[in-house]
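J.: Take this structure first; my questions come after.
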Amino acid sequence: MTIRPLVLLLISCFLLMLGYGLSNILLPVRMQQDGVGLDSIGIVLSMLSVGFLFGAIYSRKLLKRVGHIRIFAMCGSLTSVAILLSGLYPDPLMLGAMRFVTGFCIACANATIDSWLSNSATEKNRGRILSINQMVLMTALFSGQFLLNVAPVDEVTLFVVAGILLSLSITPIVVSKQKGPQIEDSQAMSLMTIVKLSPLGVVGCFYCGILYAGLLNMLPIFASDNGIEGLDLSIFMGSAIMGAIVLQFPIAYLSDHFDRRKVMLAMVAAVILLSLLVPLLISMELFNFSLFAIATITGLVACLYPMSMSETFDKVLKEHILAAMSSLLLIYALGSIVGPYTASLVMDAFGSSTLFAFICISAITLMIFIIIRMQQRSALPLNEQEHFIMQTPSGAVSELDPRTQYHHPLFEQSAEVDVVTSLATQNPAAAVSMAKALALRDPYNASNLAAALSTLEQIDIGRLYAAITTAAPEMAIHIAETLTHASPDKAEELVDWITTEYPEHFTNIVVAIANSMPDNGIRVMELAAENMSAEHSEELLEMTGQYMTNLSNSLDEMRPVDRTASASEQTATELYSRLTDVSPDQSAELALTVSEALPESSSLVAEAYVQNLIENEQEDQTADNTENIENAVSDYFTQVVENMPEYAVDIATTIVDSVPDVASEMVELLQHADSVESKDLSQSIDDKPEDNQLQEQLLEAVQTQADEFDNKH
């Protein structure tokens, strides 16, 4: 069910990469037979990566401007022309220019396929679709190696075969019913930013480009010089690509269960040892063992790219992962430009067997850098490491990666949606009535119809919500969330209507709307509080508790780096302050509600509560300010001790800092609080700076209370 709608797209991808895989093995072998110098071969092969780099930079802009079908058709036809011209005019200058065109088109074509697949994927199945796409891509490259045996290399036939495959790849995608999705331009993260976040991730991607591109491009030259030709050459190169597929699975397990940098260190060490072993195996004519060694080396080198990505994503916010991925892809491309040419220079100067000496020396420098980084920065806990995702540097910034932030579509296009939106431009009221009738017939389509209509300026979102929820009352919360997602600029209008016209059921709905707008949720809560009458004071507390509980639960699901950046304690304090401004009579109740839902914020909320008391009493010149504050603080802290005893000492210290006169009363309340456990008190004492005499008095009393607690229990 996942693959069926995407079969034609995947067939196009397979045919394209099949022809591309054939060209990758054909060109170096043909140039060597034609007597082209190794340094010239290196430059020609590096031009592929230059084109790849430009394709990675400009592909999304071209897709946005021209469209998916046209871009893929252009890439297929230009790549076909490039390989045919390479066969007709095998001059190094022509070959270099055509490799540039090929690299550019392959990067753009992969970006097109990936964008198309991303548009068809859901949040649940996008990881599966990514894996399927990667397997199709790598299987095609593997199969392309064996097409080398269809005809002699010194004839033009193989170039024609590659051109036919590349041209055929256009047909399935052109006849597909899949429409090209809308695409947003993606900006790469600046190089300095990503280097500061993860030096090892950046260096790992760069070295992966050097090693992987250098190895795969120059390996046919090495093999031919060592008498490996014909079918054996295809098997030799096929084993290298097969290793890049198979080793992803064990490396993924190791990456997720051990310190990633130690795994990378072991991988690089294995590459070094096997690189020293391959020339020996070839000289001893141990062909099967050399296949295993080549497969392992290529697989380990290929895994450096996803490993480096995971290492970087550990330090990147989820919303910035796509931007970081763009930068890492460009860094890989730079490395893949350097790799083939540098390897060719080494082989030209010292012989083709020194290809693996080049790999070995490059890997040693990477190993030194990994060791340095391990000494400079401690490892993350395993549960905070980002998961390893099977990924190849294909030229696409993949939104299929389940680690990226998923953007839900505003609504799904359908015949019903087309009808009601078309009608709404001329008669909004009739369109709403029709949507209501359609929702009565199919309640599960109610939210989709509502979302589509809400995007139109002519539609009153409050009346729309009323009509659709009348038809599907059981989906009232889901419809409110969908409307908010589709039309966030109308969210305040919707909240205003719900709290005014729907007062008996607004609590859960308002919380759902606020949760759907993480950047503006506090404003939604404030607006709802402003519209509530004094009769709904309990509902305000219930709404606040639900919102904060949902916030607390969402923190548990966040990645560690996102949790740190969320500033949840400041969010809780801001929510309390805003709601208190709207309903000052419930200041204490709101502070307790917020603190109980998110205990980590209790000290900041207590500080805000006390400051609010002080400001209010300063404005009231008729009352005994000190006595009122002390009484209010005492009542508040009594509730804290009863409901949050484990945080009582922290909150007491915060209160004493602002109102020193209540220190003795805080001490007395703590001394009589049996629910405050001695171990919590002792830990709090160790963590508190004893800045003044009052605080020392408080902490001494806490220690006394802790001793009494121990004696009693």
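J.: Normalise the Cα radius of gyration of the chain by 2.2 N^0.38 Å (N = residues in it) and let me know the number.
T.: So the chain has a normalised radius of gyration of 1.22.
J.: A follow-up question, please. Calculate, in whole percent, how much of the Cα-Cα pair population of region 163-322 lies beyond 20 Å.
T.: That tail contains 62 percent of the Cα-Cα pairs.
J.: With only Lys, Arg, Asp and Glu charged, each at its Cβ (+1 for the first two, -1 for the last two), find how big the charge dipole of region 200-357 is about the Cα centre; round to the nearest 20 debye.
T.: Its charge dipole is roughly 460 debye.
J.: Putting +1 on Lys and Arg Cβ atoms and -1 on Asp and Glu Cβ atoms, find which of Ile241, Leu200, Ala162 reaches farthest to the positive end of the dipole of region 154-302.
T.: Leu200
J.: Can I ask one more? Could you tell me the accessible area of Arg563 in Å² (1.4 Å probe, neighbours in place), rounded to the nearest ten?
T.: 90
J.: Can you tally the net charge around Leu304? Count Lys and Arg as +1, Asp and Glu as -1, for every other residue whose Cβ sits under 15 Å from the Cβ of Leu304.
T.: +3
J.: Taking the dipole about the Cα centre of the chain, with the C-beta of Lys and Arg at +1 and of Asp and Glu at -1, give me whichever of Leu117, Leu38, Tyr576 is farthest to the positive side.
T.: Leu38
J.: Let me ask something else. In µm²/s, what is D for region 395-513 at 10 °C and 1.306 mPa s, where D = kT/(6 pi eta Rh) by Stokes-Einstein and Rh is the Kirkwood radius from Cα pairs?
T.: Answer, rounded: 108 µm²/s.
J.: Let me ask something else. Taking only Cα atoms of region 495-608, what ratio of Rg to Rh do you get with Rh as the Kirkwood inverse-distance radius?
T.: Radius of gyration over Kirkwood radius for region 495-608 works out to 0.96.
J.: Separate question: With charges set only on the Cβ (+1 for Lys and Arg, -1 for Asp and Glu), what does the dipole of the chain come to about its Cα centre, in debye to the nearest 20?
T.: That gives the chain a dipole magnitude of about 6500 debye.
J.: Of Leu540, Asn553, Asn24, which is farthest towards the positive pole of the chain's charge dipole, taken about the Cα centre with +1 and -1 on the beta-carbons of Lys, Arg and Asp, Glu respectively?
T.: Comparing the listed Cα positions along the dipole, Asn24 ranks first.
J.: Whole percent per 10 Å bin, from 0 to the bin with the longest distance: what is P(r) over all C-alpha pairs of region 2-84?
T.: All Cα pairs considered, the percentages come to 14, 39, 32, 13, 3.
J.: Just the number please: accessible area per residue for the chain, 1.4 Å probe, all protein chains included, in Å².
T.: 43
J.: Which residues does a label at Leu8 reach in region 401-428, if reach means a backbone N under 14 Å from a point 7 Å past the Cα toward the Cβ?
T.: Within reach of a label on Leu8, which here means backbone N under 14 Å from a point 7 Å along Cα→Cβ, region 401-428 contributes nothing.
J.: Quick one: with all protein chains in place, what share of the accessible area of the chain is carbon or sulfur, to the nearest percent (1.4 Å probe)?
T.: 55
J.: Taking a probe of 1.4 angstrom, what is the accessible area of Asp519 in Å², to the nearest 10?
T.: 150
J.: I'd like the accessible area for Glu412, computed on protein heavy atoms only with a 1.4 Å probe and all protein chains in place. Round to 10 Å², please.
T.: 130
J.: Continuing with the same structure: Take the alpha carbon atoms of region 263-312, find their center, do the same for region 28-45, and report the distance between the two centers in whole angstrom.
T.: Region 263-312 and region 28-45 have Cα centres separated by 25 Å.
J.: Leaving ligands, DNA and RNA out of it, rank Leu117, Leu382 by accessible area with a 1.4 Å probe, largest first.
T.: Largest accessible area first, the list is Leu382, Leu117.
J.: Rounding to the nearest 20 debye, state how big the charge dipole of region 18-93 is about its Cα centre with +1 on each Lys and Arg Cβ and -1 on each Asp and Glu Cβ.
T.: Computed charge dipole of region 18-93: roughly 640 debye.
J.: OK, next. Mind listing the Cα extents of region 249-306 along all three principal axes, in Å, largest one first?
T.: For region 249-306, the Cα extents along the three principal axes come out at 38, 18, 16 Å.
The values are calculated or read from the model by the stated rules, or taken from the named source; none is laboratory data. None of these values were measured; they are calculated from a predicted model. A quick note on method: Cβ atoms are made from the backbone with ideal geometry, for glycine too, and the neighbour counts reach across all protein chains shown. The area values use the complete protein model at the heavy-atom level, side chains included, leaving out ligands, DNA and RNA. Shrake-Rupley method; radii C 1.70, N 1.55, O 1.52, S 1.80 Å.
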